[in-house]
Amino acid sequence: MGVSEQVIAILAEQAVLDPADIAPGQSLADLGIDSLGLVESIFAIEEAFDITVPFNANAPDAGEFDISSVAAIIEAVERLVGQKP
């Protein structure tokens with residue numbers, strides 16, 4: 001399973017949706033994921049990929065981890081995975 005599929009699976013689990021129902025252009029709000037769900041998704045992503053996500057729950061839109069859409073999250077995770085030593 002690639003990065004994209006894993007991220008979508010994590011978001012789908014959090015949103016209680018089928019992964020096939022998630023489109024790259026959707027926002028977390030479109031999926032019904034609230035701030036707590038976002039934090040839980042970030043933890044799941046960190047665990048799944050053994051990465052540290054530069055994310056501040058107090059300022060989720062600040063920083064270099066783009067959470068504006070499913071595609072943006074996938075791109076950010078792929079970048080972090082690519083930077084692993």
**Request:** Check whether at least one residue in the stretch 35-46 is in a helix (DSSP H, G or I) and hydroxyl-bearing (S, T, Y), and report yes or no.
**Result:** yes
**Prompt:** Can you tell me how many residues in the stretch 3-34 are in contact with a Ser or Thr (Cβ under 7 Å, 6 or more places away or on another chain) and either in a helix (DSSP H, G or I) or among the small types (G, A, S) (or both)?
**Reply:** 5
**Prompt:** What do you reckon, is E75 part of a helix (DSSP H, G or I) and out of contact with any helix residue (DSSP H, G or I) (no Cβ under 7 Å at 6 or more places or on another chain)?
**Reply:** yes
**Item:** Within the stretch 22-54, considering residues that are within 17 Å of K84 (Cβ to Cβ) and more than 10 Å from the chain's Cα centre (by Cα), the one modelled with the lowest pLDDT
**Value:** P54
**Message:** Which of the numbered conditions does I73 fail, given that it passes all the others? Conditions: (1) among the aliphatic types (A, V, I, L, M); (2) in contact with a Gly (Cβ under 8 Å, 6 or more places away or on another chain); (3) touching a residue at least 40 places away in the same chain (Cβ under 8 Å).
**Reply:** (2)
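Hey, among the residues in the stretch 1-21 that are more than 12 Å from the chain's Cα centre (by Cα) and either charged (D, E, K, R) or surrounded by 11 or more Cβ atoms within 10 Å (Cβ to Cβ) (or both), which one's farthest from E47 (Cα to Cα)?
In the first step, residues of the stretch 1-21 are kept if they are more than 12 Å from the chain's Cα centre (by Cα); the result is 1-2, 16-21.
Filter once more, keeping what is either charged (D, E, K, R) or surrounded by 11 or more Cβ atoms within 10 Å (Cβ to Cβ) (or both): 17-19, 21.
Working: L17: 21, D18: 21, P19: 19, D21: 24 Å.
Top of the filtered list is D21.
The values are calculated or read from the model by the stated rules, or taken from the named source; none is laboratory data. Quantities reported herein were computed from a predicted structural model and do not represent experimental measurements. When we count neighbours, we look across all protein chains shown, and the Cβ atoms used for this are built from the backbone with ideal geometry, even at glycine.
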